[in-house]
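Just below is one structure, and these are the notes that go with it.
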Amino acid sequence: MSALTAPARVRRELVHRANEQEILVSPPWRAGDGGYGGTTVTTALSPYYRDHPGTHWLDALLLIEACRQAALSAAHEFEDLSPDIAFFFNSIEMEITDAEQLALLKDELTILSEFGELRLRGDGSPKQITYDQRGTDSSGRTVVRTSMAVQGLPKGRYPELRAYQRGGSAAPTTAGLRSGAGPRPALGSPESVGRTEAANVAIAGVRSEGGTLVADLAPDFANASLFDHDYDHYPAMVLIEAGRQLALSGTPDPAGHLVTAVRATFDNFAELDAPIRLVARHGERWVDVNCVQDDLVVTRMSLALAPAPAGEGRAR
């Protein structure tokens, strides 16, 4: 698809993004079945989504983020969801249902979203939103499915929640940590986690402990794809990226594998001011990853691994 025919990007405030390269979808529309449609926009795509072997379409984080944006923009545009909301995930599930077909995709994906539950408080904030989605190619073939659940609060009430969770103390922010950050811990090679750029490596100190693979969370706070705007906690996408990297690092050929499915639940906020360890147990297909902070599991993930489709080369 040329730049002349590429769909327009949705407005930033509808997807809660600050950087233009991180906006991955078109404005939403009402679909005939009562749901909503949207189209991916991958022209001028952030280099983060291309920094791995193979086409960007096989990037699990790209698919999750595009689907998140498609549903969120539809809820704002058509379902009276207040724009002044701080959101947080309860759960994310994503499955690439046809990796070979997705790898061959030449145009953009169509994302079809259906809300299973959309309960808003009187102030327009979401008490609970759940939705299911299908990503289809130009022939209508489904190549990816997602299900997600989110909650949110008005931005004015959000600091109260965070202070309550932290025993009365205000949370630090990524902006503050970025400005005062010292050297990052010793990272493994980008190739060991399926990357080529050190800025996109999110884990350090990968090691074996008692039959598990363990790493420390160590993302680059200056990475505008991992931290599109200021946060007071580690966002879900950073934790999933770290889980993906640890899962890939446990394979004999990280560049030759991809994550084809993700199941994640976010039981607690991942705080910025205490270390986080990721602990992975590799099964035959699935890798279970727990993110542990102060002896509490804050995020639980399962990631399915598969060899990359035959003939896949370096993304352009």
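The values are calculated or read from the model by the stated rules, or taken from the named source; none is laboratory data. Here the structure is a predicted model, which means the values were calculated and not measured. Note: ideal-geometry Cβ built from the backbone for every residue, glycine included; neighbour counts use all protein chains shown. Note: areas computed on protein heavy atoms with side chains; ligands, DNA, RNA excluded. Shrake-Rupley method; radii C 1.70, N 1.55, O 1.52, S 1.80 Å.
Look through the stretch 204-244, keep the residues that are within 16 Å of Val287 (Cα to Cα) and surrounded by 22 or more Cβ atoms within 10 Å (Cβ to Cβ), and return whichever of them is farthest from the chain's Cα centre (by Cα).
Filtering first and then ranking leaves Ala215.
Output the number of residues of the stretch 118-144 satisfying the condition of being part of a loop (DSSP other than H, G, I, E, B) and closer than 23 Å to His76 by Cβ. Steps first, answer last, please.
Taking the stretch 118-144 as the starting set, the residues that turn out to be part of a loop (DSSP other than H, G, I, E, B) are 121-125, 137-141.
Now restrict to residues that are closer than 23 Å to His76 by Cβ: 121-125.
Counting residues in the stretch 118-144 that are part of a loop (DSSP other than H, G, I, E, B) and closer than 23 Å to His76 by Cβ gives 5.
Residues that are at pLDDT 95 or above and open to solvent by less than 30 Å² (accessible area, probe 1.4 Å): list the strands (runs of 3 or more DSSP E) wholly contained in the stretch 264-316 that include at least 3 such residues.
It comes to 286-293, 296-307.
Can you tell me which of Ala242, Ala222 is outside any loop (DSSP other than H, G, I, E, B) and small (Gly, Ala, Ser)?
Working: Ala222 fails: outside any loop (DSSP other than H, G, I, E, B).
The unique qualifying residue is Ala242.
Could you grab me the full set of residues in the stretch 219-240 that are among the small types (Gly, Ala, Ser) and modelled with pLDDT under 95? So that I can check it myself, show each step before the final result.
Restricting attention to the stretch 219-240, the residues satisfying the condition of being among the small types (Gly, Ala, Ser) are 222, 224-225, 236.
Answer for the stretch 219-240, where residues must be among the small types (Gly, Ala, Ser) and modelled with pLDDT under 95: Ala222, Ala224, Ser225.
Out of Ala66, Ala99, Ala71, I need the residue that is in contact with a helix residue (DSSP H, G or I) (Cβ under 9 Å, 6 or more places away or on another chain) and either open to solvent by 10 Å² or more (accessible area, probe 1.4 Å) or on the phi < 0 side of the Ramachandran plot (or both). Which one? Don't jump to the end; show me each part of the working.
Details: Ala66 fails: in contact with a helix residue (DSSP H, G or I) (Cβ under 9 Å, 6 or more places away or on another chain); Ala71 fails: in contact with a helix residue (DSSP H, G or I) (Cβ under 9 Å, 6 or more places away or on another chain).
None of the other options fit; the residue is Ala99.
If I ask for residues that are surrounded by fewer than 23 Cβ atoms within 10 Å (Cβ to Cβ) and in contact (Cβ under 8 Å) with a residue 24 or more places away in the chain, which ones from the stretch 29-38 would you list?
Narrowing the stretch 29-38 to residues surrounded by fewer than 23 Cβ atoms within 10 Å (Cβ to Cβ): 29-35, 37.
Arg30, Ala31, Asp33, Gly34, Gly35, Gly37 - these are the residues of the stretch 29-38 that are surrounded by fewer than 23 Cβ atoms within 10 Å (Cβ to Cβ) and in contact (Cβ under 8 Å) with a residue 24 or more places away in the chain.
Let's see how each residue does on (1) open to solvent by 40 Å² or more (accessible area, probe 1.4 Å); (2) farther than 26 Å from Gln245 by Cα; (3) in a strand (DSSP E or B); (4) touching a residue at least 40 places away in the same chain (Cβ under 8 Å):
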residue: Thr146; (1), (2), (3), (4): no, no, yes, yes
residue: Gln151; (1), (2), (3), (4): yes, yes, yes, yes
residue: Glu160; (1), (2), (3), (4): yes, yes, no, no
residue: Ala163; (1), (2), (3), (4): no, yes, no, no
residue: Gly167; (1), (2), (3), (4): yes, yes, no, no
residue: Ala170; (1), (2), (3), (4): yes, yes, no, no
residue: Arg178; (1), (2), (3), (4): yes, no, no, yes
residue: Pro183; (1), (2), (3), (4): yes, no, no, no
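Would you be able to tell me the number of residues in the stretch 127-142 that are closer than 28 Å to Leu105 by Cβ and open to solvent by 50 Å² or more (accessible area, probe 1.4 Å)?
Final tally of qualifying residues: 5.
Counting just the residues of the stretch 115-126 that are farther than 25 Å from Leu303 by Cβ and open to solvent by 20 Å² or more (accessible area, probe 1.4 Å), which one comes out modelled with the highest pLDDT? So that I can check it myself, show each step before the final result.
As a first pass, look at the stretch 115-126 and keep what is farther than 25 Å from Leu303 by Cβ: 115, 117-126.
Restricting the remaining residues to those that are open to solvent by 20 Å² or more (accessible area, probe 1.4 Å) gives 115, 117-123.
Working: Phe115: 96, Glu117: 91, Leu118: 88, Arg119: 88, Leu120: 84, Arg121: 87, Gly122: 85, Asp123: 83.
It comes out as Phe115.
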